[in-house]
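The values are calculated or read from the model by the stated rules, or taken from the named source; none is laboratory data. Values in this document were obtained by computation on a predicted structure and should not be read as measured data. All Cβ positions, even for glycine, are placed from backbone atoms using ideal geometry, and neighbour counts span all protein chains on display. Surface areas here come from the heavy atoms of the whole protein model, side chains and all, with no ligands, DNA or RNA. Shrake-Rupley method; radii C 1.70, N 1.55, O 1.52, S 1.80 Å.
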Number of protein chains: 2
Amino acid sequence: LPVEYRSRTDAYVDRYAARAQGMVASEIRALFAVASRPEVVSLAGGMPYVSALPLDIIGDMVGELVARRGADMLQYTSAQGDPMLRERICEVMAIEGIQADADEIVVTVGAQQALDLITRIFVDPGDVVLAEAPSYVGALGTFASYQADVVHVPLDDDGLVPEALRETLERLHRERRRVKFLYTVPTFQNPAGVTLTTARRREILDICATYDVLVIEDNPYGLLGFEGPPMRALRADDADRVIYLGSFSKTIASGLRVGWALAPHAVRAKLVLAAESAILSHSNFCQFAVREYLTTQPWREQIKSFQELYRRRRDAMLESLAALMPEGCTWTRPDGGFFVWLTLPEGLDAKAMAPRAIANRVAYVPGTGFYSDGTGHRHMRLSYCYPEPARIHEGVRRLAAVVEQEIELRDTFGTGRAPSHGGVDTPGPDVS
Amino acid sequence: LPVEYRSRTDAYVDRYAARAQGMVASEIRALFAVASRPEVVSLAGGMPYVSALPLDIIGDMVGELVARRGADMLQYTSAQGDPMLRERICEVMAIEGIQADADEIVVTVGAQQALDLITRIFVDPGDVVLAEAPSYVGALGTFASYQADVVHVPLDDDGLVPEALRETLERLHRERRRVKFLYTVPTFQNPAGVTLTTARRREILDICATYDVLVIEDNPYGLLGFEGPPMRALRADDADRVIYLGSFSKTIASGLRVGWALAPHAVRAKLVLAAESAILSHSNFCQFAVREYLTTQPWREQIKSFQELYRRRRDAMLESLAALMPEGCTWTRPDGGFFVWLTLPEGLDAKAMAPRAIANRVAYVPGTGFYSDGTGHRHMRLSYCYPEPARIHEGVRRLAAVVEQEIELRDTFGTGRAPSHGGVDTPGPDVS
């Protein structure tokens with residue numbers, strides 16, 4: 001286990017809270033620092049391609065807004081967030097079938113803060129949180145920081161597996177464990193790239209109703225689909241059981257850090273109090289910029305243009321994988337979002353392989369980061385959101401060469417090579 | 001006790017974490033909603049007067065910055081915060097005698113988030129946190145949300161009283177209580193307006209060294225003094241024991257929500273991990289705006305101009321109080337910052353009086369909000385930061401009339417009038 005901050009060099013080690021004991025930097029972080037060098041093709045990060053935005057136009061919009069509305073834009077605001085922005089957010093969610101009132105929304109510092117606040121108000125140490133296997137690394141980090149006990153439920157190409165959810169809940173019920181909520185990214189999942197089918201959505205909601213479990217629906221990628229209309233949100237069919245998290249990080253710009261939670265009134269009230277205690281209020285500077293953008297700019301067209309951009313990159317990745325990856329590798333085929341989930345042939349270990357991949361100038365996120373239970377060694381997440389198609393092709397070419405080498409090593413020395421250690425990884429946010 | 005969110009109408013009441021039980025809205029909130037009506041002179045909020053900024057110039061600066069650097073400004077950044085901004089922050093802190101390295105800083109969503117993260121990494125439920133009596137309401141709310149046991153230490157016109165600190169620490173030591181840190185606003189304190197003298201600074205640091213207690217120095221107002229050079233920060237004389245919190249909310253603009261913590265490396269590392277789990281990263285949009293402002297704009301001159309502005313308002317308040325308040329009232333005389341702390345004659349209750357003050361179109365914050373122990377009924381905080389001097393005079397005139405009425409009632413009916421309830425108030429952020 002990484003001991004960096006528990007070692008004798010930390011003079012404060014005896015002062016920390018119990019929850020801070022789990023806050024340790026992963027060894028993967030050091031890798032990522034290397035991965036950000038320009039000669040490395042990074043298929044690791046989840047950075048949206050914000051350069052595609054009309055920066056001149058947005059600059060003019062923001063500049064004019066500060067000059068005209070600076071006295072409000074540069075002032076504190078309420079912890080719940082700007083009322084007009086919350087109205088705009090209702091319009092955005094309506095695209096996914098959600099009928100909501102602006103008063104049910106709390107604006108947050110990205111959906112990450114919404115996750116933090118929800119965990120804060122619901123989770124006591126030792127409470128069970130259900131999460132897909134694999135699941136978003138940032139959520140797992142937050143759950144760990146509140147000392148939740150994460151129980152994974154498998155997914156397949158159609159998303160979270162209902163039978164597995166039912167069995168898990170039944171088992172936990174028998175064990176009298178307290179399940180606080182199911183955390184799911186149903187659409188264009190991070191990291192797996194899969195989407196929960198319409199039929200399964202109904203089934204998942206039914207199961208959660210049976211076992212009286214709340215659902216946290218995290219949906220940052222829902223509007224970034226490559227074909228057909230957007231999926232109907234889980235929240236659209238259950239306003240009492242589902243707390244919905246949204247974000248403008250991928251549809252407008254991640255640097256604005258504007259996300260939100262949509263929750264039943266009583267829960268929303270708690271979230272506002274928790275937000276106040278955490279940050280007083282989110283930046284009105286950011287909130288006014290988003291609200292103005294949604295009011296005056298062709299945001300629906302911009303999202304279409306992002307869809308096209310990411311579709312081309314997804315195509316580049318899938319074509320490159322099909323053309324170049326050695327036999328025995330499998331991967332998902334996302335219909336939207338940012339990520340492909342790749343499974344290596346048996347006997348290979350994506351985490352152990354990572355330093356060699358970086359030496360060959362390509363980076364990815366080893367699967368272990370997306371599990372709380374130390375599994376995931378055969379998997380990796382590949383992002384196609386940020387590099388240009390030609391770079392994606394080059395990255396996959398380098399990766400394929402590394403995997404081939406690994407297969408040769410395996411065939412020469414057998415599968416007995418030491419796997420990487422079994423600890424839990426928190427590779428940090430999707431910013432590398 | 002307020003039961004708003006514990007009542008039967010909250011269907012989620014059985015699901016919340018233990019820490020959320022303490023998150024209840026205060027009845028004072030409802031008052032504040034009324035206090036924001038234009039006919040009410042609000043001496044309640046702590047909003048800086050951002051209209052004094054050159055909004056056209058800042059608008060041009062920001063607009064040009066987005067057009068030129070939007071690809072970075074609108075992107076995720078590291079949880080520690082922008083490196084160039086952290087360099088600028090070192091220059092700002094140097095004014096108060098602090099020698100710091102940019103790597104010891106973590107940028108936060110206002111100093112409030114720094115408070116939240118520090119409490120998160122240090123405080124287990126039941127741990128003792130020492131705080132001045134009275135203390136910043138937002139800090140008390142954060143401590144409560146982590147189930148800290150706040151123990152107050154009195155202050156007087158020279159700030160925190162060293163003998164009282166020593167006695168409290170000695171008592172807690174005898175009781176074998178775990179004291180995690182002393183939280184203090186040494187300069188132009190919120191809410192009392194007093195400043196810790198130079199002699200006492202040394203003494204407080206010595207006492208904390210003796211009892212091996214960390215010090216959280218919260219210093220949002222330090223550069224807003226009305227006479228003489230800035231006070232030397234506690235952190236300037238003890239880099240190992242003092243964690244320093246800074247903010248641009250009062251020296252630039254609160255709506256940018258840019259604050260920071262300066263902490264020893266090991267603690268800083270934990271804070272970054274906690275920040276990542278809480279929000280991934282702060283807005284680069286905000287951070288670039290602050291960094292550009294500090295690089296290209298005459299920020300030192302702007303601070304001087306703020307000092308002048310607030311000094312005139314402080315003068316208006318002190319002159320109005322001296323001219324108008326009935327005998328028996330006393331108040332502090334701040335040399336900087338935003339607040340005057342007023343003590344009512346014996347037998348009066350600032351909290352019980354608040355609705356009558358608002359009916360007379362003047363608002364303040366009752367003292368009870370600044371204590372964790374249900375005391376403070378005879379006190380109130382008066383802010384002079386936001387209203388123009390003439391409005392301040394009018395507000396004090398209305399307040400004096402209400403206090404006179406209360407004194408008459410007291411003299412007629414005796415001091416036996418029912419005091420307001422003894423519960424803890426969390427009147428919310430300084431934004432009303």
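A few comments on the model shown:
- Qualifying residues in region B:318-331 (those that are aliphatic (A, V, I, L, M) and more than 19 Å from B:Thr187 (Cβ to Cβ)) - the one least open to solvent (accessible area, probe 1.4 Å): B:Leu321
- The residue that is surrounded by the fewest Cβ atoms within 10 Å (Cβ to Cβ), counting only those in region A:332-342 that are touching a Gly at 6+ places or on another chain (Cβ under 8 Å) and part of a strand (DSSP E or B), is A:Gly336.
- Of all residues in region B:300-312, none satisfies being buried (at least 21 other Cβ atoms within 10 Å of the Cβ) and either modelled with pLDDT under 95 or basic (Lys, Arg) (or both).
- Candidates A:Thr77, A:Thr108 - the one that is part of a loop (DSSP other than H, G, I, E, B) and either touching a residue at least 40 places away in the same chain (Cβ under 8 Å) or open to solvent by 30 Å² or more (accessible area, probe 1.4 Å) (or both): A:Thr77
- Within region A:288-331, tally of residues that are on the phi > 0 side of the Ramachandran plot and not in a loop (DSSP other than H, G, I, E, B): 0
- Meets criteria (assigned to a loop (DSSP other than H, G, I, E, B), under 22 Å from B:Arg15 (Cα atoms) and of a type in the set (A, V, I, L, M, F, W, C)) for A:Ala239: yes
- Options A:Gln80, A:Gln75; residue that is within 22 Å of A:Ile279 (Cα to Cα), at pLDDT 95 or above, touching a helix residue (DSSP H, G or I) at 6+ places or on another chain (Cβ under 8 Å) and facing chain B (nearest Cβ under 8 Å): A:Gln75
- All conditions but one from (1) within 14 Å of chain B (Cβ to nearest Cβ); (2) over 17 Å from the mean Cα position of the chain (by Cα) apply to A:Arg171; the one that does not is (1).
- Scanning region B:370-393 for residues that are among the polar types (S, T, N, Q) and over 15 Å from B:Trp331 (Cα atoms) returns B:Ser372, B:Thr375.
- Per this entry, B:Asp60 is counted among residues that are facing chain A (nearest Cβ under 7 Å), part of a helix (DSSP H, G or I) and not aliphatic (A, V, I, L, M).
- Pairs, first over 20 Å from A:Ala35 (Cα atoms) in region A:372-390, second among the polar types (S, T, N, Q) and part of a strand (DSSP E or B), C-beta under 9 Å, six or more apart: A:Arg378/A:Thr343
- So A:Ala139, is it touching a Leu at 6+ places or on another chain (Cβ under 6 Å) and either free of Cβ contacts under 8 Å to residues at least 40 places away in the same chain or open to solvent by 10 Å² or more (accessible area, probe 1.4 Å) (or both): no
- Residue within region A:356-366 that is within 22 Å of A:Asp411 (Cβ to Cβ), part of a helix (DSSP H, G or I) and in contact with a helix residue (DSSP H, G or I) (Cβ under 7 Å, 6 or more places away or on another chain) present: yes
- Selection status of A:Arg86, part of a helix (DSSP H, G or I) and open to solvent by 50 Å² or more (accessible area, probe 1.4 Å): no
- If the condition is being charged (D, E, K, R) and surrounded by 19 or more Cβ atoms within 10 Å (Cβ to Cβ), then region B:362-397 contributes B:Arg378, B:Arg381.
- Checking each residue of region A:212-219 against the condition of being farther than 28 Å from A:Glu301 by Cβ, open to solvent by less than 10 Å² (accessible area, probe 1.4 Å) and not aliphatic (A, V, I, L, M) gives no match.
- In the set (1) within 30 Å of B:Arg300 (Cβ to Cβ); (2) open to solvent by 10 Å² or more (accessible area, probe 1.4 Å); (3) among the small types (Gly, Ala, Ser); (4) more than 7 Å from chain A (Cβ to nearest Cβ), the condition left unmet by B:Gly46 is number (2).
- For B:Ala52, the criteria (1) more than 7 Å from every other protein chain (Cβ to nearest Cβ); (2) over 23 Å from B:Val340 (Cβ atoms); (3) more than 20 Å from the chain's Cα centre (by Cα) hold in every case but one, which is (2).
Quick grid of which residues meet (1) out of contact with any strand residue (DSSP E or B) (no Cβ under 9 Å at 6 or more places or on another chain); (2) more than 7 Å from every other protein chain (Cβ to nearest Cβ); (3) open to solvent by 10 Å² or more (accessible area, probe 1.4 Å); (4) not in a helix (DSSP H, G or I):
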position: B:Tyr244; (1), (2), (3), (4): no, yes, no, yes
position: B:Ser254; (1), (2), (3), (4): no, no, no, no
position: B:Trp260; (1), (2), (3), (4): no, yes, no, yes
position: B:Lys270; (1), (2), (3), (4): yes, no, no, no
position: B:Leu273; (1), (2), (3), (4): yes, no, yes, no
position: B:Ala278; (1), (2), (3), (4): no, no, no, no
